[in-house]
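A short write-up of the structure that comes next.
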Amino acid sequence: MHTILFDIDGTLLRCGGAGLAAIGQVMGELFGVKQLGKVPVHGRTDEGILNDLFAQSSLVFDDHRDEFNQKYWAKLTETLGESPSYLLPGVSVLLEQLALREDVAMGVLTGNAERAAAVKLRHFNLEHFFKFGGFGDFHSDRNDVARIALASARSFLGDRFDASRLWVIGDTVNDIVCARAINAKVIAVETGGASMSELEAAAPDSVLPSLKDHHEFFETLGLV
């Protein structure tokens, strides 16, 4: 069995700022925060991003986790509908082709909290493609999220899991690094803002401009 773990933002889709918009609106409603500070977001987890944003407002995320998350997940549904969000080229057809194969299992390896990931995937009608995964609810280190995704894949697939056929598909250097943390092969795509040279410097197995060239993707994974 080929196990493929997909990142979400920048790899499968772009949310047009919907996530930060939702965070900003909820922090305004709950704490009177007028404007979010600047923090790095690409390739990071929700846990890490929210810890940084809360700290900038002299707040501790863990003290408000449940209250914030419930409002954030609901607000994200709204902001996605209002934002210029879109699926990246070739994604829908690629996932449909992979889903037809009996030798492929697909999961997610994302910095999104699990409910946030579900909201985004549902918005684009992608949620049915993915049966397991690792999420950024409680870990700032993406390598920890990768280990959760690996454990989830092993649990779901049982004796069908083949560690030599484990792949991560992502768009940032952090995706490449966390793939190596679980001894996975990795394809990096140039759709999330990182340049070809930045991605190549992190030594993935392959770098593709996007997921549009399905033949090259299948050939790279040995699925032709």
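What follows is calculated from the coordinates using simple rules that are stated; it is not laboratory data. Note that the structure is a prediction, hence the values are computed from the model and not measured. Here Cβ is always computed from backbone atoms with ideal geometry, including for glycine, and neighbour counts include all displayed protein chains.
Assorted remarks:
- Among 57-65, 71-79, 3-11, 121-129, the order from most to least packed when residues are scored by Cβ within 10 Å on average: 3-11, 71-79, 121-129, 57-65
- Ratio Rg/Rh [Cα only; Rh per Kirkwood] for the range 43-90: 1.08
- The range 94-192: C-alpha pair distances exceeding 24 Å, %: 16 percent
- Extension reserve of the Glu78-Leu20 stretch, reckoned as 0.36 nm per residue once the Cα distance is removed: 19.6 nm
- Most simply put, the chain has about 10% antiparallel DSSP beta bridges, counting only bridges with both residues inside it.
- The range 1-99 - Rg over Rh from alpha carbon coordinates, Kirkwood radius: 1.04
- Note: relative contact order over the range 67-204, using C-alpha pairs below 8 Å and six or more positions apart, is 17 percent.
- If R0 is taken as 30 Å, the Cβ-Cβ distance between Leu30 and Val93 corresponds to a FRET efficiency of 0.15.
- Taking 0.36 nm per residue of sequence separation and removing the Cα-Cα distance, the Phe156/Ser210 pair yields an extension gain of 16.6 nm.
- Its alpha carbons give the range 42-136 an Rg and a Dmax of 15.5, 51 Å.
- Counted residue by residue at 0.36 nm each, then reduced by the alpha carbon distance between them, the extension gain from Ser164 to Phe218 reaches 17.8 nm.
- The range 151-168 - phi-based ³J(HN,Hα) in whole Hz, Karplus 6.51/-1.76/1.60, Gly and Pro as x: 4, 5, 5, 4, 5, 5, 8, x, 6, 7, 6, 10, 4, 6, 10, 9, 10, 10
- Listed by chain and number, the lysines placed with their C-alpha closer than 22 angstrom to that of Lys120 are Lys71, Lys75, Lys131, Lys212; residues fewer than eight positions away on the same chain are left out.
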